[in-house]
1. Mind sorting out which of (i) 28.4; (ii) 27.1; (iii) 23.1 is the real Kirkwood radius over Cα pairs in Å computed from the coordinates?
2. For the stretch 94-170, what D do you get in µm² per second when you plug the Kirkwood radius from alpha-carbon pairs into Stokes-Einstein at 10 °C and 1.306 mPa s?
3. Which of 300, 452, 474 comes first, and how do the rest follow, when ranked by fewest Cβ neighbours within 10 Å?
4. Rounded, prolate or oblate for the stretch 276-420? Axes are the square roots of the Cα gyration tensor eigenvalues, ordered a ≥ b ≥ c, and the cut-off for rounded is a/c under 1.5.
5. If you split all Cα-Cα distances of the stretch 268-319 into 10 Å bins from zero, what percentages do you get per bin, shortest first?
6. How tilted is helix 60-72 with respect to the longest principal axis of the chain? Cα atoms for both, answer in degrees (0 to 90, nearest 10).
7. How much mean residue ellipticity at 222 nm does the chain get from its helices, if each DSSP H run of length 4 or more adds -39500 (n - 2.57) and you divide by all residues, to the nearest 500 deg cm²/dmol?
8. Please determine, in degrees from 0 to 90 and to the nearest 10, the orientation of helix 101-111 with respect to the longest principal axis defined by the Cα atoms of the chain, where the helix direction is its Cα long axis.
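Nothing in this text is a laboratory measurement; each read-out follows from the coordinates by a stated rule. Treat the numbers as computed from the prediction; the structure is a model and nothing was measured. Neighbour counts are summed over all protein chains in view; Cβ atoms, including those assigned to glycine, are modelled from backbone coordinates with ideal geometry.
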């Protein structure tokens with residue numbers, strides 16, 4: 001779901017003033033659209049106590065909305081509502097957002113005949129005016145049923161975070177807890193993760209889903225909170241006598257590391273520790289750690305398994321390479337050094353990461369891998385070299401700032417040069433200001449602006465510092481540029 005901006009609220013208000021139907025202007029399932037409309041109408045149309053329009057009214061959307069109001073003079077917008085003269089649904093939507101609480105309250109009386117305006121009634125349930133708030137709550141209690149609560153749940157939960165926003169949340173919660181289990185089905189797949197979290201918490205509390213359904217939800221849902229909630233509930237149900245297969249298989253086959261880790265850990269309780277061996281080379285560190293725990297609890301040592309896999313002629317899976325480092329010894333580093341020339345980029349990257357894990361990095365042996373064609377390998381090499389960036393030849397890194405080098409190589413060179421600080425950092429940042437990649441240029445600009453001379457900047461470098469600062473003078477005000485030069489000992 002795309003984020004709704006204030007400009008969207010302005011545009012919706014303009015269309016409503018022009019008489020367009022509410023159903024075509026506002027998506028009924030998007031809470032942000034209703035909230036943005038409420039804020040836009042209140043910000044733009046109504047003058048303050050001195051008759052002045054807010055600064056927002058000077059924007060393009062604000063001018064359009066003001067012009068539309070003056071042109072249409074919709075009843076209820078510029079004067080109090082007259083109950084004897086019913087308004088259209090579009091006019092009522094705007095009146096429900098009016099800055100005058102008496103007009104909002106009068107609009108609530110007519111809104112009862114327009115179900116499409118129920119989202120704005122929900123908004124008014126947290127209104128700052130007590131009479132408006134009480135009327136809105138009474139009308140919501142009369143109109144809300146189970147299916148409507150499901151439809152409005154994204155808006156209800158969003159407004160529940162506001163002050164006085166608990167009424168609608170509590171009302172919807174009571175209805176849904178008493179509803180048939182199948183009523184909640186749309187909430188389990190709602191694009192709003194807050195809605196899915198609420199729905200699954202409710203399902204766990206009320207035991208509305210089986211352990212197998214919870215396991216499938218943990219494996220399917222992209223949100224880690226839902227994954228952990230459902231996995232824990234499913235495994236708790238298994239501990240109470242559920243079917244292990246219906247729960248373990250979805251968890252073990254999940255894409256989510258959290259769900260797989262929960263399934264691997266549960267193998268021990270299920271008496272199937274031997275299956276954990278298959279996850280020792282998992283791509284996720286947390287899953288590998290859980291697998292090693294289960295294997296050890298089963299009476300086996302995972303280290304020999306890692307050593308055997310890494311010594312296979314056809315080459316190990318990347319997870320086995322880093323797994324060897326995670327539980328191995330410094331002597332195992334020779335195996336990892338040998339894998340730096342492996343044809344599979346993932347193996348090379350994990351070998352570098354493993355050497356860093358074992359703290360056996362050799363700067364001279366690693367820096368040639370800065371030219372590796374795989375970005376993942378270059379990232380790992382950079383991370384390994386950063387603590388010893390001063391030992392990498394500056395000329396080698398400066399050369400790799402050139403446009404002819406791939407982006408990952410330029411990024412690595414800049415990171416290492418910046419880590420050295422002093423004049424080297426400033427020199428690299430100024431040289432990168434013209435990089436073809438916008439993100440790198442922005443990074444370089446920030447580096448130049450944040451640079452200050454340190455104790456390791458020699459006085460004889462003042463002339464070069466002054467020249468570099470002059471080349472980047474467009475990034476500073478005249479005063480700040482003068483201060484930087486003064487700090488570096490540059491005579492102006």
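1. (i)
2. Numbers: Rh = 12.2 Å.
The calculation lands on 131 µm²/s.
3. Numbers: 300 16, 452 11, 474 8.
By the 10 Å Cβ count, ascending, the order reads 474, 452, 300.
4. Values: a/c = 2.50, a/b = 2.28, b/c = 1.10.
Prolate is the answer for the stretch 276-420, as a/c is 1.5 or above and a/b outweighs b/c.
5. So the P(r) values, bin by bin, are 27, 54, 18, 1.
6. 10
7. -18500 deg cm²/dmol
8. Computed tilt is about 80 degrees.
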